[in-house]
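Reading through the structure tokens given below for one structure.
The values are calculated or read from the model by the stated rules, or taken from the named source; none is laboratory data. Keep in mind that this is a model prediction, so the values were computed, not measured. In this analysis, Cβ positions are derived from the backbone assuming ideal geometry, glycine residues included, and neighbour counts consider all displayed protein chains.
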């Protein structure tokens, strides 16, 4: 027993090393597997507060870019106003009289922490469950899609960015509506994504727009990027192509969280279908 | 004693601040990201007890993790760094004969010793950090090039910092 104690005190550095290393590895493995659902993250009070202060300073530096994008978005919205359409038939007037039920609602949020140079990137935004944000909602910016919400606190939320190897969204080619999925490239380039699993019938052209398909969290037709290389990887069963993202992730300032009002209904319906399938198999 | 503690607290705050709000945004050629904050652990005094050294390294790592959203990643790399530091110092430095609580700085220990010290410790820390972050072998080439370029960048910044705070003739 005494010898053991002497042994431990003599090599105390090694034993301390083992103890601390194991505890930090436990933290690493445990919390990273659950999408950072922990207080050691940038959504906690201290770091969140510090980040928003520093952000206040950064905001001044990018005022010009933000103004430009706001002006562009304003112009876009103005184009969609009823007053900017010429109503030429009775039929059309009838359509405008119809009361639509709103399916998608947008919640504006500000980016208070952002990463884009790691393999798994996340964004923190300043809106949370109190503002109606829930896990699984899509996030877009004025330029295109950004990612999806993976973690929510009352006042903040973590967004799994498009620049994350877990991210995979259903998209389509603008011209012939061929469906595929978009994911990040293996080279970890913050401007490039990979569109995979496109049917071989599709005839994509260079520079063709890639839009969301409506099968994912986003409304149909939101910009994702442009096709920039038609043959990045040969030898695959289906077509794949390189896409340049429309969003510049390093300059992200304001985003919109998409709340699909029918999501619960759709999920319930699809769960019912699955249940039926299982029952008929037995 | 109190002076040493104050200096180290200031050093900790400044290095974490620089790391989180300045160096975090630097990403040369999509490869090199410097992690200068480990300089805090490197510059702790020689006679610090091992337990305190490991606790400080662990806490430094956790602080950086909180800002980087990677709980445990930097903490484990820093604990490894502390262990390598203990080994390196026990091999290269005689414990006796220090007058006034010297620290392993560039100005006290000389350029050659400090360069070896910084390079060895940075390589261990960065290698562990990058391989743990990637966690699989499929992008081994990319991970290795990130590791090498980031290490060079970090050591360069350490030397610049060391020369910036160079004080002449502390050790006769």
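Of all residues in the range B:105-159, which are outside any helix (DSSP H, G or I), in contact with a helix residue (DSSP H, G or I) (Cβ under 9 Å, 6 or more places away or on another chain) and either under 17 Å from residue B:89 (Cβ atoms) or more than 14 Å from every other protein chain (Cβ to nearest Cβ) (or both)? Of everything in the range B:105-159, just one residue is outside any helix (DSSP H, G or I), in contact with a helix residue (DSSP H, G or I) (Cβ under 9 Å, 6 or more places away or on another chain) and either under 17 Å from residue B:89 (Cβ atoms) or more than 14 Å from every other protein chain (Cβ to nearest Cβ) (or both), namely B:105. You will find that of B:124, B:128, B:156, the residue that is surrounded by 11 or more Cβ atoms within 10 Å (Cβ to Cβ), at pLDDT 90 or above and under 21 Å from residue B:59 (Cα atoms) is B:124 and no other. Any idea which of B:58, B:46 is on the phi < 0 side of the Ramachandran plot and in a loop (DSSP other than H, G, I, E, B)? On inspection, the qualifying residue turns out to be B:46. Reported count of residues in the range A:190-213, each being loosely packed, with under 15 Cβ neighbours inside 10 Å and either in the same structural domain as residue A:148 (by TED's automatic domain parsing) or under 15 Å from the mean Cα position of the chain (by Cα) (or both), is 0. When the residues of the range B:45-81 are filtered to those that are in contact (Cβ under 8 Å) with a residue 40 or more places away in the chain and under 13 Å from residue A:18 (Cα atoms), the one that is farthest from the other protein chains (Cβ to nearest Cβ) is B:81.
Look at the range A:47-61: where a residue is assigned to a helix (DSSP H, G or I) and a partner is at pLDDT below 80, sitting 6+ places away or on another chain with Cβ atoms under 7 Å, you get A:48/A:42; A:51/A:42. Taking the condition more than 12 Å from the chain's Cα centre (by Cα), under 18 Å from residue B:157 (Cα atoms) and more than 10 Å from chain A (Cβ to nearest Cβ), does residue B:14 pass? In short, yes. For residue A:11, the requirement of being modelled with pLDDT under 80, within 14 Å of another protein chain (Cβ to nearest Cβ) and within 30 Å of residue B:90 (Cα to Cα) is met.
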